[in-house]
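Notes to accompany the following structure.
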Amino acid sequence: MNMKKILTWAVVAFLLFFLFSAPDQASNVVNGILASLRGAAEAVITFMQNLFQA
């Protein structure tokens, strides 16, 4: 088994453990990630709008 496959399974196992042992914190983490992605997308949209308005 190569190292990439082992690390992938370890990460999946850790995420499942985190999800089942602390679901409230896991949902907060997911919400934080989604909020960050939304902010980044809004920044790109604003940049593109300002770029083409000039």
*If the chain between Glu42 and Gln25 were fully stretched, how many nm would it gain, using 0.36 nm times the residue separation less the Cα-Cα distance?*
3.6 nm
*Computed lengthening from Phe14 to Leu34, 0.36 nm per intervening residue step minus Cα-Cα distance*: 5.2 nm
*Find the accessible area per residue for the chain; the probe is 1.4 Å, ligands and nucleic acids are left out, and the unit is Å².*
92 Å²
*Taking Cα atoms, how many degrees apart are the long axis of helix 3-21 and the longest axis of the chain, rounded to 10 and kept between 0 and 90?*
90 degrees
*Using θ = phi - 60° and Karplus 6.51 cos²θ - 1.76 cosθ + 1.60, couplings along region 26-34 (whole Hz; Gly, Pro as x)*: 5, 5, 5, 5, 4, 4, x, 5, 5
_Over all directions, how big on average is the projection of the convex hull of the alpha-carbon atoms in the chain, in square nanometres?_
5.6 nm²
*What 222 nm value per residue comes from the helices of the chain, counting each DSSP H run with n ≥ 4 as -39,500 (n - 2.57) and dividing by all residues, nearest 500 deg cm²/dmol?*
-33000 deg cm²/dmol
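The values are calculated or read from the model by the stated rules, or taken from the named source; none is laboratory data. Everything quoted here is computed from the prediction, not taken from an experiment. These accessible areas exclude ligands, DNA and RNA; they are computed on the full protein's heavy atoms, side chains included. Shrake-Rupley method; radii C 1.70, N 1.55, O 1.52, S 1.80 Å.
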